[in-house]
Amino acid sequence: MNKIYLDYNIIPIGDHCAVSMILNDLKLRNKSYPFDWNAHVDPHNTNIIHNIELINQLKFQTIENIVKNYIGNAFENNNSKTNTLNNIVFSHDNEVITTIFTKYERRLKRLKDDLNKKNIFILVTRFYYIDEIVFNIIIKTLLDYNSSSIILFISGINHEYFKNKEYKNIIFKHIYYDISQFYNYDYTDFRPNLTKYLSDLLCESKN
């Protein structure tokens, strides 16, 4: 890992599984967290805002209740793996329901325990624009746990407000996404570019 970030823990916050897959490939993923493999059922939308709300719930709800609401009816509707109450899809979960619940309780407890650490929170959207007011809520939610943490936000849409204002401990990177090609572009361009960027930023320099 790059020496600059050697003492940071990495937590993916969404909005889909690309970051966890890439971290695996780069050998930077040492722990599992609840948002690693999930997405919004509508790829034009994002689960990041819901995930931030869930992190807020950790302050006043039990982990068991949060997991129950998070998974909801995802595995009751003809094996769709989608919770129709929050539109989260659990595409990568194939175990029996009791094992899935236990797994998410374990991952959520780990998230709760690790939020106070010096973290790099990674957020990725393909073509969903996060309004500045909403992003300020995200900043407060995540950095209130540890002001030394970093939010790394990567988006296929440029967010101009990062040019107009200096945000402490925020790294924003625009990696173009061609929405007209959608999933084809995801694998031919966006994910390879995302991989290169994360490798250049987080991995140890070879020079």
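Summary of values
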| quantity | calculated |
| --- | --- |
| Members of the range 70-88 that are part of a loop (DSSP other than H, G, I, E, B) and touching a residue at least 12 places away in the same chain (Cβ under 8 Å) | GLY72, ASN73, ALA74, PHE75, LYS81, THR84, LEU85, ASN86, ASN87 |
| Residue count for the range 32-51, restricted to those that are under 18 Å from ARG110 (Cα atoms), surrounded by 21 or more Cβ atoms within 10 Å (Cβ to Cβ) and of a type in the set (A, V, I, L, M, F, W, C) | 1 |
| Residue under evaluation VAL67, criteria (1) touching a residue at least 12 places away in the same chain (Cβ under 8 Å); (2) assigned to a loop (DSSP other than H, G, I, E, B); (3) of a type in the set (A, V, I, L, M, F, W, C), criterion not met | (2) |
| Verdict on ILE22 being free of Cβ contacts under 8 Å to residues at least 60 places away in the same chain and in a helix (DSSP H, G or I) | no |
| Selection count, the range 61-112, where residues are small (Gly, Ala, Ser) and at positive phi | 1 |
| Restricting the range 67-99 to residues that are surrounded by fewer than 18 Cβ atoms within 10 Å (Cβ to Cβ) and of a type in the set (A, V, I, L, M, F, W, C), the residue that is nearest to THR46 (Cα to Cα) | LEU85 |
| Test: LYS59 is surrounded by 12 or more Cβ atoms within 10 Å (Cβ to Cβ), at pLDDT below 95 and either among the polar types (S, T, N, Q) or out of contact with any Lys or Arg (no Cβ under 6 Å at 6 or more places or on another chain) (or both) | no |
| Residues that are touching a helix residue (DSSP H, G or I) at 6+ places or on another chain (Cβ under 9 Å) and either of a type in the set (A, V, I, L, M, F, W, C) or closer than 21 Å to GLU53 by Cβ (or both), drawn from the range 168-188 | ILE170, ILE171, PHE172, ILE175, ILE179 |
| Number of positions in the range 1-16 that are surrounded by 17 or more Cβ atoms within 10 Å (Cβ to Cβ) and either β-branched (Val, Ile, Thr) or part of a loop (DSSP other than H, G, I, E, B) (or both) | 6 |
| Tally of residues being touching a strand residue (DSSP E or B) at 6+ places or on another chain (Cβ under 6 Å) and on the phi > 0 side of the Ramachandran plot across the range 154-207 | 1 |
| Residues of the range 193-207 satisfying the condition of being surrounded by fewer than 13 Cβ atoms within 10 Å (Cβ to Cβ) and at pLDDT 90 or above | LYS196, ASP200 |
| Residue under evaluation ARG29, criteria (1) surrounded by fewer than 16 Cβ atoms within 10 Å (Cβ to Cβ); (2) free of Cβ contacts under 8 Å to residues at least 60 places away in the same chain; (3) among the basic types (Lys, Arg); (4) in a loop (DSSP other than H, G, I, E, B), criterion not met | (1) |
| Failed criterion for LEU152 (all others in (1) within 15 Å of HIS40 (Cβ to Cβ); (2) hydrophobic (A, V, I, L, M, F, W, C); (3) crowded, with 20+ Cβ neighbours inside 10 Å hold) | (1) |
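The values are calculated or read from the model by the stated rules, or taken from the named source; none is laboratory data. Treat the numbers as computed from the prediction; the structure is a model and nothing was measured. Cβ atoms come from the backbone with ideal geometry, glycine included; neighbour counts cover every protein chain shown.
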